[in-house]
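Encoded as C-alpha cells, the structure appears first; notes follow it.
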Amino acid sequence: MTIIGFFNNKNGIGKTSLAYHLSWMFAELGHSVVAVDLDPQANLSAMFMDESSLQKIWDGGNTIYAGLKPLMKGIGDIETPQTCNYGSHDANLALIVGDMQLSSANDELSTQWLHCSSSRKDLAERAFRIESAFFRIIQNVCETQDAKYALVDVGPNLDAINRAALLACDYIITPLSPDLFSWQGLRNMDSLTTWRKDWEKHKAHYDETVKDEHSVVSLPNGDLKMLGYVPMRFTIHAAKPVKSYQKWLSRMPKAFAELQKSEIPKTMEEDPYFLGMLKDYHTLMPMAQEHKKPMFDLTPADGAFGANYTHAQHCRENFEELAKKIINKIDNA
C-alpha cells in the first residue's frame with residue numbers, strides 16, 4: 001500500500017480535481033484505489049456524488065469524522081468508516097467520504113501534538129493514537145479493499161489537520177498554477193520539513209517511553225517525500241503555454257529545487273521532480289461535475305460533441321501518461 005497526498009499552500013489551483021482524476025485513472029489502469037477526503041470542505045466527496053447522496057452519508061455518519069469520533073470523545077480508538085464504491089470489479093475505486101465536522105478536530109490535534117513528548121505515558125499514548133488516526137484509518141480501509149494506492153486530498157492549510165494527514169502519506173504531489181500566488185505557496189511548504197523533523201523526535205520518544213508489549217500503535221513513517229509537481233490550468237497557444245504563464249512555469253524548477261535543497265535543473269524537462277503538465281480543459285470540467293464523472297470519460301451522450309469530445313480524448317491521454325509516470329516513479333523509488 002502506498003499513500004499519496006496532494007498539497008499546496010494555495011487554494012483554487014486544481015488540487016482536488018487532480019486527486020479525483022488520478023484516482024479514476026489509477027483504477028482504470030487496473031489498480032485498486034482508495035480516495036481519501038481529508039479536506040474539511042469535502043470538495044473531493046462533492047466531485048464523486050451529488051448533494052442528496054452526500055447529505056445521506058453525512059446524516060448516517062459514515063464519514064472520515066466517524067472514524068475519529070471515539071478518540072475525540074475519549075471513549076475508544078478509531079473506527080473504520082464505510083466507503084462508497086465506484087468503478088468496476090476489475091478496477092475498484094473506493095471513497096472515504098469527507099466531513100465538514102472534521103474541522104472541529106483541529107484544536108485537539110494541535111494539543112495532542114505537544115503531548116506526544118509528554119513524560120506521562122498515558123498522555124503520550126493517547127496523543128500518538130490521535131496523531132496517527134488518519135494513517136491507521138487509511139490502513140484499515142486499504143486492507144479491507146485490498147487497495148494498492150490511497151490518494152489523499154487535503155486542504156490548502158498549514159494546520160494540525162493537514163500535519164496529521166500529510167504525515168500519514170508516503171509521498172506528496174504538489175499541483176502548481178503558473179502564477180505568483182502558487183509560487184509563493186510552494187515556498188511556504190518549508191513547514192513540511194519542520195513537521196518531519198519533529199515527528200522523528202516524537203517517534204523516538206514513543207519507542208523509548210511509550211511502546212511496550214501492551215501498547216503498540218501503528219505509526220506512519222512521516223518521511224514526507226516529495227514525489228514531484230504538476231503545473232496545471234495554463235492556456236495553450238500554438239502548442240505552447242501563453243507567454244504570461246511561461247514566465248512562472250520557467251521559475252518552478254528552481255523554486256522546487258530550493259524547497260528540496262537539491263541541484264537546480266537547467267530546464268523543466270530535465271527536472272526529476274517534474275511529473276507532467278495539465279492544461280486548462282475549459283468547458284469539460286463543469287460538464288464532468290454535472291455528470292459526476294472524470295473529464296476523460298465524457299462522451300457525446302454527456303454533451304461532449306465535436307471539439308469537446310476531442311478535448312476529452314486528449315485529457316485521457318494526458319492523465320494516463322501522468323498516472324503511469326507517477327506509478328513508475330514510485331515503483332523505482
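Points worth noting:
- Here's the picture: charge each Lys and Arg Cβ at +1 and each Asp and Glu Cβ at -1 in the chain, and of L192, Q313, V36 the one pushed furthest to the positive end of that dipole is L192.
- Solvent-accessible area per residue, Å², over segment 273-326 with all protein chains present [probe radius 1.4 Å]: 49
- Between A307 and E320, the distance separating the two model label sites (each 7 Å from Cα on the Cα→Cβ line) works out to 2.4 nm.
- Each of [x] 1.10; [y] 0.97; [z] 1.06 is a candidate for Rg/Rh (Cα atoms, Kirkwood Rh); the one calculated from this structure is [y].
- Over segment 50-207, accessible surface divided per residue gives 43 Å², non-protein components excluded, 1.4 Å probe.
- Spatially proximal lysines relative to K225 (Cα-Cα < 21 Å; intrachain offsets below 8 disregarded): K10, K15, K148, K197, K201, K203, K254, K261, K324, K325, K329
- Virtual spin-label span in nm between M72 and L180, 7 Å along Cα→Cβ: 3.8
- Förster-model FRET efficiency, 30 Å R0, E290 and M100, C-beta, rounded to 0.05: 0.85
- Stretchable slack from R196 to T299, in nm (0.36 nm times residue separation minus alpha-carbon distance): 32.7 nm
- Between K261 and E208, the contour length at 0.36 nm per residue exceeds the alpha carbon distance by 16.0 nm.
- Rolling a 1.4 angstrom probe over the chain with all protein chains present gives an accessible area of which 48% lies on carbon and sulfur atoms.
- Over the chain, dividing the summed -39,500 (n - 2.57) contributions of all DSSP H runs of at least 4 residues by the number of residues returns a 222 nm mean residue ellipticity of -14000 deg cm²/dmol.
- Placing a pseudo-label 7 Å from each Cα along the Cα-to-Cβ vector at D146 and K247 gives an inter-label distance of 5.4 nm.
The values are calculated or read from the model by the stated rules, or taken from the named source; none is laboratory data. Model, not experiment: these values are computed from the prediction. With ideal geometry, Cβ positions are generated from the backbone for all residues, glycine too; neighbour counts draw on all protein chains shown. The area values use the complete protein model at the heavy-atom level, side chains included, leaving out ligands, DNA and RNA. Shrake-Rupley method; radii C 1.70, N 1.55, O 1.52, S 1.80 Å.
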